[in-house]
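Chemist: So that we are looking at the same thing, I have put the structure below in structure tokens.
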Amino acid sequence: MAARSGGQVVERQWKSGRGYALRFVAYGKRQYLTLGLESEGWDRRRAEEELANVLADVRRGIWVPPQRRRQPSEEMGEAPLFGPFASELVASREGQVAENTLRSDEWALSHLLPYFADWPLPAIDAEAVDAYRNSKVAESQARQRAIERRSPLRNERGEALRPLAPSTINKTIDVLQWILSVALDYKHVSENAAAGKRRRLRAEQRRVATQPAQKPVRTAALAPAGEKP
């Protein structure tokens with residue numbers, strides 16, 4: 001274990017191989033965060049970097065604790081996990097749908113997999129979908145707070161992460177609905193929990209400002225191009 005002020009890297013030997021996790025304190029509670037396996041690209045250096053990033057987010061108050069994954073019940077038996085099922089389903093669409101559609105599905109998976117990857121398909125009920133939606137709202141708010149502090153969160157390419165619009169979050173739920181519809185056809189689930197308007201955020205309503213009566217414009221009052229008067 002490598003210790004660091006406020007947290008430490010934990011090295012574990014799981015059945016599937018050697019992996020890494022983080023142990024630290026956030027918001028007055030002890031946290032344990034699993035990172036991944038060496039086969040997935042994790043090593044001690046990367047784990048140390050992630051620990052530094054997490055602790056920095058905790059200090060700024062923008063770290064969002066991940067939702068606990070739901071464990072399979074005995075009734076679910078050997079039900080397929082969302083991660084492999086969804087990934088294979090999207091990959092199988094190559095050559096069958098437009099390239100833009102495939103890229104859009106893959107983008108949605110980049111949001112869905114971190115949350116649902118190890119969930120058995122039957123465990124994804126309406127409550128789970130609502131919890132996912134709430135987690136994306138919290139993530140969006142964390143991004144906004146980071147921008148306001150002039151320290152935006154960044155992705156692996158160093159690009160600043162912008163807040164997620166309601167329509168963006170809804171698009172990921174649309175893809176989740178499609179995946180669960182196929183799972184329903186295959187009888188892996190008994191219902192499509194992502195169906196229905198209640199699972200989605202309301203679209204932002206833009207206020208339409210009424211235009212005041214035009215007044216004579218004085219030349220001296222004109223603003224420079226690109227600026228508001």
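None of the figures in this text is laboratory data; all of them are computed from the coordinates on show. Only a predicted model underlies this, so the values are computations on that prediction, with no experimental measurement involved. Neighbour counts run over all protein chains shown; Cβ positions are idealised from the backbone, glycine included.
Chemist: Please list, or write none, the aspartates and glutamates whose alpha carbon is within less than 16 Å of the alpha carbon of LYS197, excluding same-chain residues fewer than 8 places away.
Modeler: Output for LYS197: ASP125, GLU127, ASP130, ASP174.
Chemist: With only alpha-carbon atoms in the gyration tensor, what are the semi-axes of the equivalent ellipsoid for the range 71-201, in Å, largest first?
Modeler: 27, 18, 14
Chemist: Quick one: order ARG150, ARG145 by neighbouring beta-carbon count within 10 Å, fewest to most.
Modeler: Ascending number of Cβ neighbours within 10 Å: ARG150, ARG145.
Chemist: For a test of the definition: using alpha carbon positions, the gyration tensor, and the 1.5 limit on a/c, classify the range 1-63 as rounded, prolate or oblate. Don't jump to the answer; show the numbers that get you there.
Modeler: Values: a/c = 2.21, a/b = 1.92, b/c = 1.15.
Since a/c reaches 1.5 and a/b is larger than b/c, the shape of the range 1-63 is classed as prolate.
Chemist: Could you derive backbone 3J(HN,Hα) for the range 135-141 from the dihedral phi with the Karplus parameters 6.51, -1.76 and 1.60 (θ = phi - 60°), listing whole Hz in sequence and x where the residue is Gly or Pro?
Modeler: So the Karplus estimates, Gly and Pro as x, are 5, 5, 5, 5, 5, 4, 5 Hz.
Chemist: Amide H of ALA26: which non-local residues (sequence gap of 5 or more, or other chain) have their own amide H closer than 5 Å, using H built in the peptide plane?
Modeler: GLN31
Chemist: Among ILE124, ILE147, rank each residue by its count of other Cβ atoms within 10 Å, from fewest to most, as a rough exposure measure.
Modeler: By the 10 Å Cβ count, ascending, the order reads ILE147, ILE124.
Chemist: Amide H to amide H under 5 Å from VAL10: which residues, 5+ apart in sequence or cross-chain, H placed 1.01 Å off N in plane?
Modeler: Sorted by chain and number, the residues that satisfy this are ALA21, LEU22, ARG23.
Chemist: Still on this structure: Once you have the Cα-Cα distance between ALA126 and ARG30, take 0.36 nm times their residue separation minus that, and quote the gain in nm to one decimal.
Modeler: Once the chain is fully extended between ALA126 and ARG30, it gains 31.6 nm.
Chemist: Here is a follow-up. Using the number of other C-beta atoms within 10 angstrom as an exposure proxy, rank THR168, THR101 with the fewest first.
Modeler: Fewest to most other Cβ atoms nearby, the residues stand as THR101, THR168.
Chemist: A follow-up question, please. What is the extension gain from SER190 to ARG12, computed as 0.36 nm multiplied by their sequence separation minus the C-alpha to C-alpha distance, in nm to one decimal?
Modeler: 60.4 nm
Chemist: Taking 0.36 nm per residue of separation and subtracting the Cα-Cα distance, what length does fully extending GLU49 through ARG150 add?
Modeler: Result: 34.3 nm gained on full extension.
Chemist: What residues from the range 121-164 fall in the zone where the backbone N is under 14 Å from a label point 7 Å along the Cα-to-C-beta line of ARG198?
Modeler: Residues passing the 14 Å test: 125-131.
Chemist: Would you give the gap between the C-alpha center of the range 96-143 and the C-alpha center of the range 158-174, rounded to a whole Å?
Modeler: About 11 Å separates the Cα centre of the range 96-143 from the one of the range 158-174.
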